[in-house]
Amino acid sequence: MLSDAELRAVLSDRLAAVEANIQQACQRAGRPREVVQLVAVTKTASCRVTGLLPELGVNDLAENRPQALWSKAAKLPSGIRWHMIGHLQRNKLDKTLPLVCRVHAVDSVRLLEAIIHEVRKRGFAPMPVCLEVNVSREPSKYGFAPAEVAQLPRELLTAPEVRIEGLMTMAAYAEDPEDCRPTFVELRQLRDQLRAAWGESLPLPQLSMGMSNDYPIAIEEGATMIRLGSTLFSGLPGPEEDPA
Ligand SMILES: *Cc1c(COP(=O)(O)O)cnc(C)c1O
């Protein structure tokens, strides 16, 4: 079994490689490095591995399943900013919203309404959210169809209980990451159209797009949050190492 020191060394090397790729992609696109935030997706990492990230400078962590987020948040020190990036059932909002800094994947009107309701009921600060768009149009994926987003009722978008920060998508897996580029371009163009239609009150600054396989391309096309799992954690101890 790898010691903590060995794990730290592996993670540090992988983070350095990711950082170099981020910087190069930003340079190619003429974007400043600071506009791209790394969010580490810890779903395949044990608590021991996840717990090493803050000292390596990574404080933005994400899970795609609510129960896994609850469990990691309970075991790890506070100070971590948790991002909920997967499908969120409405009956899990009460336990999830208090733990997270952002919900990336609002994929239905019913979920958006439920978040507004929960925030109002509990007197929380406005919750930052992104709207998930199924740009690649895979039936197996959650998210609004691109045309649906434009139809969202104004009173939901401007409700004081949420801050609609932008759009999120997952590209279909492709052997050649270049094949993901059209998905990212389409999300950015959709954001630009919505910004023009909705006006200055909804500037939609965030584009949550790009995973291990395709993040340099996503950055070239305007990603502001990249969600990386396997490139950081593959081969390292997973949740099976955690005590139940
Ligand atoms: C798992 C996951 C990721 C990270 O995927 P990798 O390919 O492992 O980097 C990103 N976003 C979502 C929604 C995920 O579920």
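For the reader, a short list of remarks on this structure follows.
- Counting only Cα atoms, the size of the chain along its three principal axes is 53, 43, 32 Å, in decreasing order.
- Placing +1 on the Cβ of every Lys and Arg and -1 on the Cβ of every Asp and Glu, with no other charges, gives region 32-89 a dipole of roughly 200 debye about its Cα centre.
- With 27 Å as the limit on Cα-Cα distance, the pairs of K43/K121; K75/K141; K43/K95 that go past it are K43/K121; K75/K141.
- Relative packing of peptides 214-223, 100-109, 19-28 - highest average C-beta neighbours within 10 Å first: 214-223, 100-109, 19-28
- Residue separation of A9 and A125 scaled by 0.36 nm, minus their Cα-Cα distance, works out to 38.0 nm of gained length.
- When Rg and the Kirkwood radius Rh are both evaluated on Cα atoms of region 57-194, their ratio Rg/Rh stands at 0.98.
- Net charge, V162 excluded, C-beta distance under 12 Å - Lys, Arg +1, Asp, Glu -1: -2
- Amide N proximity, region 126-141 versus E175 label position 7 Å along Cα-to-Cβ, cut-off under 16 Å: none
- Computed E for S234/E200 - FRET, C-beta separation, R0 35 angstrom, nearest 0.05: 0.25
- Gaussian network model of the chain, Cα within-10 Å springs - most flexible of E165, E200, E186: E200
- Remark: relative contact order (the chain) = 22 percent; criterion is Cα-Cα distance under 8 angstrom and separation of 6 or more residues.
- Projected area, mean over directions - region 1-75, Cα convex hull, nm²: 5.7
- Solvent-accessible surface of region 120-161, taken per residue with a 1.4 Å probe and all protein chains present: 56 Å².
The values are calculated or read from the model by the stated rules, or taken from the named source; none is laboratory data. As the structure is a computational prediction, the values presented were derived from the model and not from experiment. Every residue, glycine as well, gets a Cβ built from its backbone with ideal geometry; the counts of neighbours run over all protein chains shown. Surface areas here come from the heavy atoms of the whole protein model, side chains and all, with no ligands, DNA or RNA. Shrake-Rupley method; radii C 1.70, N 1.55, O 1.52, S 1.80 Å.
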